[in-house]
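Visitor: Can you read through this structure? Questions will come right after.
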Amino acid sequence: MNGTINGFSYGAVTPVAGYLMAVLGSALGLRCVVRCVHYRQGWKPGWLALGSACIGCGIWTMHFIAMTGFQVEETSIRYDVALTVLSLAVAIAVVGVGVFIVGYRGAGVVALVTAGAVTGLGVAAMHYLGMYAMRLPGSIRYDTFTVAVSVAIAVGAAIAALWAAVSIRGFVSSLGASLVMGVAISGMHYTGMAAVSVHLHNTPARADGATPVSLLLPMLLGPVVFLVLASAVVMMDPLLLAGDTGGTPGTAPRDRSADAGPGYSAAFETAVRASKTSRAGAHSAERHPRPIWPPRPDGDVTDGHSAQR
């Protein structure tokens, strides 16, 4: 017997919430990559790792928020805990491979296609691994063509995202790219779900595993909290707040605030420069002293002393 699938059991709540989380993760990831590609200061591997984790968590969170709305009306669905956790690790790892490739190799055609293919295939693997974690009294089948379309969407979205990460610098441009990425990530997920059909057994047995409420909601809390904390880190970075003025990648003017620490301020550097200028003027005056005494009408003045006629 074929099961009746409902992918929107909570209406528009799950797709909208999933899309917003995908946009948030993508936006934070892009800003982290912009931070290390366009500005020389800071620990580059750290920013790339943070960006990878943000994008990976955003993709994974979108997937499983959407999965909470997936139901088979004739039976209940449970999830294997280990495989669900593994799918999160896969999402972060494969995104990290692509981000590190373009972070160090740039947006050349070979690097971009290689990184995009690895990341896109990894995102698709995360999606279908999460589907494989489902436990129900029946078998899940996939339409091959629709699966291929979903994988192609994942690869295309990954290439576009990685290109945007190293090519787009301004905040507004990054936000626009994140909105597009959210559409691509959600489109890949729901295309993959459209490939699913469920064949239920004639004698249903109780499926093992955790229910969506007991597993997915607590697991979603961790990535969501991480993304909120990452938002604070990105928003407090002075280069990302004040450095979005455009320019050629990698040639941004040197901002010494990242090297000087949290107590640094531009006003302080201006005062230091003014002090150096005044000291230079004082040294120049010492080398060429001005006369101490005014000239007398009956004599010449040489270095402040009268000379006899």
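The values are calculated or read from the model by the stated rules, or taken from the named source; none is laboratory data. Everything quoted here is computed from the prediction, not taken from an experiment. Cβ placement follows ideal geometry from the backbone for every residue including glycine, while neighbour counts extend to all protein chains displayed. In case anyone asks, the SASA skips ligands and DNA or RNA and just uses the protein heavy atoms, side chains included. Shrake-Rupley method; radii C 1.70, N 1.55, O 1.52, S 1.80 Å.
Matching residues to (1) more than 20 Å from V118 (Cβ to Cβ); (2) part of a helix (DSSP H, G or I); (3) over 21 Å from the mean Cα position of the chain (by Cα):
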position	(1), (2), (3)
L24	yes, yes, no
L30	no, yes, no
V33	no, yes, no
A53	no, yes, no
G56	no, yes, no
I65	yes, yes, no
L83	yes, yes, yes
S87	no, yes, no
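Visitor: Could you grab me the full set of residues in the range 135-178 that are small (G, A, S), over 23 Å from W47 (Cα atoms) and in a helix (DSSP H, G or I)?
Guide: If the condition is that a residue be small (G, A, S), over 23 Å from W47 (Cα atoms) and in a helix (DSSP H, G or I), then A148, S150, A152, A154, G156 are the ones that fit.
Visitor: Of the numbered conditions (1) surrounded by fewer than 23 Cβ atoms within 10 Å (Cβ to Cβ); (2) over 22 Å from the mean Cα position of the chain (by Cα), W43 fails exactly one; give the number of that condition.
Guide: Only one criterion in (1) surrounded by fewer than 23 Cβ atoms within 10 Å (Cβ to Cβ); (2) over 22 Å from the mean Cα position of the chain (by Cα) is unmet by W43, namely (2).
Visitor: While we're on this one: Are there any pairs with C-beta distances below 6 angstrom linking a residue in the range 6-35 that is closer than 19 Å to G222 by Cα and without any contact (Cβ under 8 Å) to a residue 60 or more places away in the chain to a residue that is part of a helix (DSSP H, G or I) and among the aliphatic types (A, V, I, L, M), with the two at least 6 apart or on different chains, and if so which?
Guide: Close Cβ pairs (under 6 Å, with a partner that is part of a helix (DSSP H, G or I) and among the aliphatic types (A, V, I, L, M)) amount to T14/I65; T14/A66; A17/I65.
Visitor: Here's a follow-up. Going residue by residue through the range 82-92, is there one that turns out to be open to solvent by less than 50 Å² (accessible area, probe 1.4 Å) and either of a type in the set (F, W, Y) or modelled with pLDDT under 85 (or both)?
Guide: no
Visitor: Report the residue count in the range 155-167 for those that are more than 17 Å from the chain's Cα centre (by Cα) and surrounded by 17 or more Cβ atoms within 10 Å (Cβ to Cβ).
Guide: 1
Visitor: How many residues, within the range 102-116, are surrounded by fewer than 15 Cβ atoms within 10 Å (Cβ to Cβ) and on the phi < 0 side of the Ramachandran plot?
Guide: 6
Visitor: Looking at the range 171-186, which of its residues are open to solvent by 20 Å² or more (accessible area, probe 1.4 Å) and in contact (Cβ under 8 Å) with a residue 40 or more places away in the chain?
Guide: Answer for the range 171-186, where residues must be open to solvent by 20 Å² or more (accessible area, probe 1.4 Å) and in contact (Cβ under 8 Å) with a residue 40 or more places away in the chain: F171, L175, L179, V183, I185.
Visitor: Being in contact with a His (Cβ under 6 Å, 6 or more places away or on another chain), at pLDDT below 90 and farther than 18 Å from V81 by Cβ is true for just one of G176, G138. Which residue is that?
Guide: It is G138.
Visitor: Just one of the numbered conditions (1) surrounded by 24 or more Cβ atoms within 10 Å (Cβ to Cβ); (2) farther than 15 Å from Y128 by Cα is not true of T75; which one?
Guide: (1)
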